[in-house]
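Engineer: Here it is: the structure, laid out below.
The values are calculated or read from the model by the stated rules, or taken from the named source; none is laboratory data. Fair warning: this is a prediction, and the values are worked out from it, not measured in the lab. Positions of Cβ are backbone-derived with ideal geometry, glycine not excepted, and every protein chain shown enters the neighbour counts.
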Amino acid sequence: MTMDSMTAGLDVLVVGAGISGLATAFHLSRAGLSVEVIDPAAKPGGVIGSVRRDGMLYETGPNSALDTTPKIGELVEAAGVKAEMRFASEIANTRFVVKGGKPVALPMSPGAFLSTPLFSFGAKARLAIEPFIGKQPADEEETIAHFVRRRLGVEFLDYAIEPFVAGIYAGDPERLSVPAAFPKLHALEQRWGSLIKGQFLGARERRKRAETAKNTAKSFSFAGGMQVLTDALAKRAGQVTLGAKAIAIERLPDGTFVTTIERDGARTTRHSRAVVVATPAYAAAALVERFAPEASRALAQVEYPAVCVVASAYARKDIAHGLGGFGLLAPKKENRALLGTLFSSSMFEGRADAGHALLTTFVGGRRNPALAADTDERILAEVGREHRELLGATAPPLWSALTRWPRAIPQYELGHLKRIAKLAEAEAQVPGLRFCANYRGGVSVGDCIANAAGTAESLAPWLQARAAVR
Ligand SMILES: Cc1cc2nc3c(=O)[nH]c(=O)nc-3n(C[C@H](O)[C@H](O)[C@H](O)COP(=O)(O)OP(=O)(O)OC[C@H]3O[C@@H](n4cnc5c(N)ncnc54)[C@H](O)[C@@H]3O)c2cc1C
């Protein structure tokens, strides 16, 4: 163990170089603090990764993000990549849901809603009573499935919300908690007593907060893919040390931290005044066990189902479907192998030339963990079959690239908010400790960016107000 870094002393060690850790480190560096970010991976960005192959560009994690908060534009601008930012094409406003084995466009206007075959006449008429349905007592945590059945009816659960929840969380609406996973939906009911009323009446309040609702926010990425942002942040986030895994964090009697790091089989330490734990919850649980045992236990309970992402490159002529949309989602009721497929080359220019189509398909999640754990051959065969049956693929893809995320996305299931409250308690008891990652305050890239800004805003003044340990 070398003690060089002990004497050097950092203001902040950020553990984990996903978007949460990088954005936090970026803000803290800009505030003039000395920051190091460590991550065992070979590249920064966590689950964000953009790969070029044969003139195409695919993503191994998020394909786009929603521009829901001004914090995103601010970060993109400050990171110097505004010129590379791209909004999804108009076409991407169309989204398909599989019904009866066929992709059906989600209705985007009241007229289209009335005529869509996605919902029966009874289900549409049922919406008229939504404003008159009482609200759930604020302290009674409800699952998404229960909430939607109660307010909107079972067809909306099956053909709108369930596939949407599978698309965001790879999750199960029978387990996900409304206040934890969809806090704005919960607030809408609590504030207005109705989703429909709240949708109209709440618009003014959202404008005041300069926020855009997730259903109207624009999807964006970058000319070179989502990794453009994390690469740019990594260049300006202080020292970023890759191939370096934190294996333990200790708190010294003077309140500072010593983190033990494993790199190339050797162990070193870092001494810092503050630590931002920006790893997935299961890794965070082990790191803080010694000085924040309750937070550690809570973190260990957050589940992460496996997801596989398959990028498939086709000759455009080999896909019969027009691919005029964002992609398709498959409801559980339809018993398909996939959760959904993004029409990646329709969303953003430059993902494939006119002669090719790039599709990104997600399998696994809470719904189908067995498939996500199966062999590459089986997964690729299932995805190929789905493309044939749902999109009219007449030939196999030119190539496919499979990315496995054995623990992909944290599930905000019943009890999540109580578990996460333990983190704030630990932060209050252990000054200088912060938890910032996608198991807290939202899983989307935009939520991670907003939470990272908040973490830096609370930590920087605290550090600046105290003398350096060096
Ligand atoms: C397949 C997939 C598709 C998605 N699609 C979308 C989408 O379309 N739009 C959207 O908004 N969001 C999407 N998301 C969600 C979003 O991408 C993530 O929630 C977000 O990027 C997570 O960022 P993070 O920094 O919190 O965590 P991560 O990206 O998981 O980063 C955590 C980092 O911690 C590191 N780490 C782990 N252990 C240690 C250790 N002991 N020491 C040091 N470092 C450690 C890891 O190597 C990793 O780099 C998707 C997620 C996945 C997995």
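Engineer: Could you go through region 157-171 and let me know if any residue there is within 15 Å of residue 414 (Cα to Cα), in contact (Cβ under 8 Å) with a residue 60 or more places away in the chain and touching a strand residue (DSSP E or B) at 6+ places or on another chain (Cβ under 7 Å).
Structural biologist: Scanning region 157-171 turns up at least one residue that is within 15 Å of residue 414 (Cα to Cα), in contact (Cβ under 8 Å) with a residue 60 or more places away in the chain and touching a strand residue (DSSP E or B) at 6+ places or on another chain (Cβ under 7 Å).
Engineer: So which of 98, 47, 51 ends up being away from the ligand (no atom under 16 Å from the Cβ), among the hydrophobic types (A, V, I, L, M, F, W, C) and at pLDDT 95 or above?
Structural biologist: On the way: 47 fails: away from the ligand (no atom under 16 Å from the Cβ); 51 fails: away from the ligand (no atom under 16 Å from the Cβ).
Just one listed residue meets the conditions, 98.
Engineer: Quick one: how many residues across region 418-457 are over 23 Å from the mean Cα position of the chain (by Cα), assigned to a helix (DSSP H, G or I) and within 17 Å of residue 13 (Cβ to Cβ)?
Structural biologist: Summing the residues that are over 23 Å from the mean Cα position of the chain (by Cα), assigned to a helix (DSSP H, G or I) and within 17 Å of residue 13 (Cβ to Cβ) in region 418-457 gives 2.
Engineer: Continuing with this model, one more query. Go over the candidates 409, 420, 449 one by one and state the one that is under 29 Å from residue 227 (Cα atoms) and either more than 11 Å from the ligand (Cβ to nearest atom) or hydroxyl-bearing (Ser, Thr, Tyr) (or both).
Structural biologist: After applying the criteria, what remains is 420.
Engineer: Scan region 71-116 residue by residue and report those that are closer than 22 Å to residue 321 by Cα and of a type in the set (Asp, Glu).
Structural biologist: Matches in region 71-116: 90 only.
Engineer: If residue 61 satisfies every condition in (1) surrounded by 14 or more Cβ atoms within 10 Å (Cβ to Cβ); (2) more than 16 Å from the ligand (Cβ to nearest atom); (3) assigned by TED's automatic domain parsing to the domain that holds residue 314 but one, which is the exception?
Structural biologist: For residue 61, the exception is condition (2).
Engineer: Since residue 39 meets every condition but one in (1) assigned by TED's automatic domain parsing to the domain that holds residue 231; (2) more than 30 Å from residue 284 (Cβ to Cβ), which condition does it not meet?
Structural biologist: The number of the failed condition is (2).
Engineer: Given the conditions (1) out of contact with any helix residue (DSSP H, G or I) (no Cβ under 9 Å at 6 or more places or on another chain); (2) of a type outside the set (A, V, I, L, M); (3) not in a strand (DSSP E or B), and given that residue 367 satisfies all but one, which numbered condition is not satisfied?
Structural biologist: Only one criterion in (1) out of contact with any helix residue (DSSP H, G or I) (no Cβ under 9 Å at 6 or more places or on another chain); (2) of a type outside the set (A, V, I, L, M); (3) not in a strand (DSSP E or B) is unmet by residue 367, namely (1).
Engineer: How about region 393-417: which of its residues are within 14 Å of residue 300 (Cβ to Cβ) and in a helix (DSSP H, G or I)?
Structural biologist: Hit for region 393-417 is 416, nothing else.
Engineer: Test of understanding: among 241, 230, which residue is modelled with pLDDT of 95 or more and farther than 16 Å from residue 83 by Cα? Steps first, answer last, please.
Structural biologist: Numbers: 230 fails: farther than 16 Å from residue 83 by Cα.
Within the list 241, 230, the selection yields 241.
Engineer: Right, something else. So is residue 32 assigned to a loop (DSSP other than H, G, I, E, B), away from the ligand (no atom under 15 Å from the Cβ) and loosely packed, with under 15 Cβ neighbours inside 10 Å or not? Don't jump to the end; show me each part of the working.
Structural biologist: On the way: assigned to a loop (DSSP other than H, G, I, E, B): yes; away from the ligand (no atom under 15 Å from the Cβ): yes; loosely packed, with under 15 Cβ neighbours inside 10 Å: yes.
So residue 32 passes the test.
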